Amino acid sequence: GQNIDQPTEMTATEGAIVQINCTYQTSGFNGLFWYQQHAGEAPTFLSYNVLDGLEEKGRFSSFLSRSKGYSYLLLKELQMKDSASYLCAVRAYNTDKLIFGTGTRLQVFP
Amino acid sequence: DAGVIQSPRHEVTEMGQEVTLRCKPISGHDYLFWYRQTMMRGLELLIYFNNNVPIDDSGMPEDRFSAKMPNASFSTLKIQPSEPRDSAVYFCASSRLAGEPWNEQFFGPGTRLTVL
């Protein structure tokens, strides 16, 4: 079976750092994705990890540990516009489809 | 590029009616995905196509749902007959075969379907 777990909601303060965790159990593994989705809008691609380690893109970083079935998305210097849902998705081996978690709704307060 | 285009953006219908959702993928993209998103179940893949051919329809909930891709620039998702539990936001996404290894999916704005 395939299972992806993320916290349902998180809150943080403007300027702070927040870490959103994702654990997964899938039949094989061929990459983990993070998408951002603002309320009422479509998901947009944030990051991709296929090897263990940290990928950094500006204020956002994503980490992967394949042996632990674990990833996190790190958001630094939080801004109000970062209030959104963050979706973790896994691509199983030898397929082109993504399995999404239910998402983590992040609220950033002033 | 105009991005992925979906129509209609909103649809309100009565139980038992036929509903057709439309999608135009980004030109040059080889893959097209149909998703459904609800609060309870999150974003679920219904079906995806590669070069207009359905590859995996294991997410299609039941026979009331059908999808077609008659050419590289158009796809439809049909629900007949519709039921209240079909109420959700339906997203279409497309991606390229070649290019970046992460094969990023680009999502359309979605169709918000309400079945009364």
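The values are calculated or read from the model by the stated rules, or taken from the named source; none is laboratory data. Quick caveat, the model's predicted, so the values are computed rather than measured. Neighbour counts run over all protein chains shown; Cβ positions are idealised from the backbone, glycine included. Accessible surface areas use protein heavy atoms only, side chains included; no ligands, DNA or RNA. Shrake-Rupley method; radii C 1.70, N 1.55, O 1.52, S 1.80 Å.
Quick check on the range A:84-106. Is at least one of its residues more than 21 Å from B:C92 (Cα to Cα), touching a Pro at 6+ places or on another chain (Cβ under 8 Å) and open to solvent by less than 20 Å² (accessible area, probe 1.4 Å)?
First, the residues of the range A:84-106 that are more than 21 Å from B:C92 (Cα to Cα): A:93-94, A:104-106.
Then drop every residue that is not touching a Pro at 6+ places or on another chain (Cβ under 8 Å), which leaves A:104.
Remaining after also requiring open to solvent by less than 20 Å² (accessible area, probe 1.4 Å): A:104.
Yes: one or more hits.
How many residues are open to solvent by 60 Å² or more (accessible area, probe 1.4 Å) and either in a strand (DSSP E or B) or closer than 15 Å to A:A39 by Cβ (or both) if we restrict to the range B:35-52? Spell out the reasoning first.
Our first condition is that a residue be open to solvent by 60 Å² or more (accessible area, probe 1.4 Å); within the range B:35-52, this holds for B:39-41, B:51.
Keeping just the survivors that are either in a strand (DSSP E or B) or closer than 15 Å to A:A39 by Cβ (or both) gives B:39.
Summing the residues that are open to solvent by 60 Å² or more (accessible area, probe 1.4 Å) and either in a strand (DSSP E or B) or closer than 15 Å to A:A39 by Cβ (or both) in the range B:35-52 gives 1.
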Restrict the check to the range B:72-85 and report whether at least one residue is facing chain A (nearest Cβ under 9 Å) and either charged (D, E, K, R) or in contact with a Ser or Thr (Cβ under 7 Å, 6 or more places away or on another chain) (or both).
no
Could you check how many residues of the range A:51-65 are within 14 Å of chain B (Cβ to nearest Cβ), open to solvent by 60 Å² or more (accessible area, probe 1.4 Å) and in a strand (DSSP E or B)?
2
For the range A:80-94, which positions are assigned to a loop (DSSP other than H, G, I, E, B) and at pLDDT 80 or above?
A:S83, A:A92
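Identify, please: which residue in the range B:63-97 is touching a residue at least 60 places away in the same chain (Cβ under 8 Å) and of a type in the set (K, R) and is, among those, farthest from B:T20 (Cα to Cα)?
First pass over the range B:63-97, keeping only residues touching a residue at least 60 places away in the same chain (Cβ under 8 Å): B:78-84, B:86, B:90-97.
Within this subset, residues satisfying the condition of being of a type in the set (K, R) are B:78, B:96.
On the way: B:K78: 4, B:R96: 25 Å.
That would be B:R96.
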Could you please let me know if B:S75 is modelled with pLDDT under 95, surrounded by 13 or more Cβ atoms within 10 Å (Cβ to Cβ), at negative phi and out of contact with any helix residue (DSSP H, G or I) (no Cβ under 6 Å at 6 or more places or on another chain)?
no
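Confirm whether A:Q36 is within 14 Å of chain B (Cβ to nearest Cβ) and surrounded by 16 or more Cβ atoms within 10 Å (Cβ to Cβ). Talk me through it step by step, then tell me what you get.
Working: within 14 Å of chain B (Cβ to nearest Cβ): yes; surrounded by 16 or more Cβ atoms within 10 Å (Cβ to Cβ): yes.
Spelling it out, A:Q36 is indeed within 14 Å of chain B (Cβ to nearest Cβ) and surrounded by 16 or more Cβ atoms within 10 Å (Cβ to Cβ).
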Pull out all pairs, ordered by first then second residue, where Cβ-Cβ is under 7 Å, the residues are six or more apart or on different chains, the first lies in the range A:85-101 and is facing chain B (nearest Cβ under 7 Å) and within 14 Å of A:Y72 (Cα to Cα), and the second is open to solvent by less than 30 Å² (accessible area, probe 1.4 Å) and part of a loop (DSSP other than H, G, I, E, B).
A:L87/A:P43; A:L87/A:G101; A:L87/A:G103; A:G101/A:Q6
In the range A:15-30, residue farthest from A:S71 (Cα to Cα) [restricted to those that are open to solvent by 40 Å² or more (accessible area, probe 1.4 Å) and in contact with a strand residue (DSSP E or B) (Cβ under 6 Å, 6 or more places away or on another chain)]
A:N30
Answer yes or no: is there a residue in the range A:39-50 that is more than 10 Å from the chain's Cα centre (by Cα), surrounded by 15 or more Cβ atoms within 10 Å (Cβ to Cβ), under 23 Å from B:G110 (Cα atoms) and small (G, A, S).
yes
Out of the residues in the range B:86-97 that are under 25 Å from B:G28 (Cβ atoms) and among the polar types (S, T, N, Q), state the one that is nearest to the other protein chains (Cβ to nearest Cβ).
B:S95
Given the conditions (1) within 12 Å of another protein chain (Cβ to nearest Cβ); (2) open to solvent by less than 80 Å² (accessible area, probe 1.4 Å); (3) closer than 24 Å to B:P81 by Cβ, report the number of the one that B:P61 does not fulfil.
(1)
